[in-house]
1. Taking the Cα centre of the range 25-174 as origin and charging only Cβ (+1 Lys, Arg; -1 Asp, Glu), how large is the dipole, in debye to the nearest 20?
2. Tell me, what HN-Hα J-couplings in whole Hz come from the Karplus equation 6.51 cos²θ - 1.76 cosθ + 1.60 at θ = phi - 60° for each residue of the range 71-79, using x for Gly and Pro?
3. About the Cα centre of the range 7-108, what is the dipole size in debye to 20, counting +1 per Lys and Arg Cβ and -1 per Asp and Glu Cβ, all else neutral?
4. Any of K31/K92; K89/K138; K7/K31; K7/K142; K7/K89; K7/K97 with alpha carbons more than 26 Å apart? Name them for me.
5. Rank these by accessible area, largest first, 1.4 Å probe: Y43, Y105.
6. Determine which residues of the range 136-160 fall in the zone a paramagnetic label at K31 would reach in this model, i.e. backbone nitrogen under 14 Å from the point 7 Å along Cα→Cβ.
7. Where does the charge balance sit around L112 when Lys and Arg score +1, Asp and Glu -1, over other residues with C-beta under 10 Å from its C-beta?
Amino acid sequence: MNYATIKTHDTANGPGVRVSLFVSGCTHQCKGCFNPEAWDFNYGAPFTETEEDTIVRGLEPWFIRGLSLLGGEPFEPSNQQALLPLLRKVRKSYPEKTIWCYTGYDFEQDLLTGRLCDWPVTEEMLSYIDVLVDGEFKLDLKNPNLRFRGSSNQRVIDLKNRCMVMNWFYGQKLIKIKTLSTYNNMGGVFCMIS
């Protein structure tokens, strides 16, 4: 896997100050993408153990809230394989820090079905992620007022608490929407917080 950049003090891609890894390679190629150079799987530099160690060390300070994975597309099959060792290290070294991942794939239709990669690889990757922002960026649904996402079709899904965070037009509401017990051992309750 190649990567585009590593930001050690990022405040735009998740809550607090974070370390962010921008991987290379994306087949979505969304119109209006903020990072089109990272569509190319060969863009940037090879992601090696040196970069892994840079990220793990970057997460050490108390004020760093966690790791964010962006792209490119972290869930491209070749990227999943390369990211697993990093995610294992981060979760083992910093269990209290959150891992956010941005993907153009749909959580239920693409990731939970196992159609992108060997299911055990995707399942393990999902097990380390606290919050998933899913869905392709849609230029016609772009909204600069949304937190942590670019278009209104994208969702912020709390995988650890099985909550889906979405914008709602009128205030804050908590609504139970469905259980996931039928999805590949990913049981739990989804709730929507706007």
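1. Numbers: 17 positive and 21 negative charges, 142 e Å.
For the range 25-174, the charge dipole is close to 680 debye.
2. Residue by residue, the range 71-79 yields x, x, 9, x, 8, 4, x, 5, 6 Hz.
3. On the way: 10 positive and 13 negative charges, 79 e Å.
The dipole of the range 7-108 has a size of about 380 debye.
4. Details: K31/K92 37 Å; K89/K138 33 Å; K7/K31 24 Å; K7/K142 24 Å; K7/K89 18 Å; K7/K97 16 Å.
Beyond 26 Å between Cα atoms: K31/K92; K89/K138.
5. Details: Y43 85, Y105 25 Å².
Result, largest first: Y43, Y105.
6. Those under the cut-off are 137-142.
7. Numbers: positive: R115; negative: D106, E108, D110, E123.
Within the 10 Å Cβ shell, the charges total -3.
The values are calculated or read from the model by the stated rules, or taken from the named source; none is laboratory data. Note that the structure is predicted; figures quoted are calculated from it, not measured. When we count neighbours, we look across all protein chains shown, and the Cβ atoms used for this are built from the backbone with ideal geometry, even at glycine. These area figures cover heavy atoms from the full protein model, side chains too; ligands, DNA and RNA do not enter into them. Shrake-Rupley method; radii C 1.70, N 1.55, O 1.52, S 1.80 Å.
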